[in-house]
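Working notes, beginning with the structure itself.
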Amino acid sequence: MSCEYQFWVYIVTNRNHSVLYIGMTNNLARRTGEHRRGIGAAFPVQFHCTKLIYYERYEHVLGAIARETQLKKWSRAKKIALVEQMNPRWMDLGAEVLLDE
């Protein structure tokens, strides 16, 4: 019997785009909702990071953890370039993700 798993590496920001928070979850819709309600990790709550601007899907947790670790080591400029490849206007992608919840 095979189980399908999904893991997500994502970036959220605040209204002014002054802070980028990188996280990893097994349920992007739930986690996006938590960020919007100010629940969870202290850093994104403190800096009001509620806007989902980037995400990647993984089937294996180790791949997602490795990618999260890699992105956290990147410079801000490199993170911005990554976001802008997928989301050049920095639109809030949370609405499309929350439809899956």
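Of note:
- Any hit, region 7-17, residues being more than 18 Å from Val97 (Cβ to Cβ), of a type outside the set (Lys, Arg), modelled with pLDDT of 95 or more and out of contact with any Cys (no Cβ under 6 Å at 6 or more places or on another chain): yes
- Of the criteria (1) surrounded by 14 or more Cβ atoms within 10 Å (Cβ to Cβ); (2) at pLDDT below 95; (3) hydroxyl-bearing (Ser, Thr, Tyr), which one Tyr21 fails: (2)
- Of all residues in region 42-65, those that are among the aliphatic types (A, V, I, L, M) and surrounded by 14 or more Cβ atoms within 10 Å (Cβ to Cβ) total 5.
- Among the criteria (1) among the polar types (S, T, N, Q); (2) loosely packed, with under 13 Cβ neighbours inside 10 Å; (3) in contact with a Lys or Arg (Cβ under 6 Å, 6 or more places away or on another chain), the one Ser75 does not fulfil is (3).
- Here Asn27 fulfils each of the conditions (1) at negative phi; (2) touching a residue at least 60 places away in the same chain (Cβ under 8 Å) apart from (2).
The values are calculated or read from the model by the stated rules, or taken from the named source; none is laboratory data. All values derive from a computational prediction rather than experimental measurement. Cβ sites come from the backbone with ideal geometry, for glycine too, and all protein chains shown count toward neighbours.
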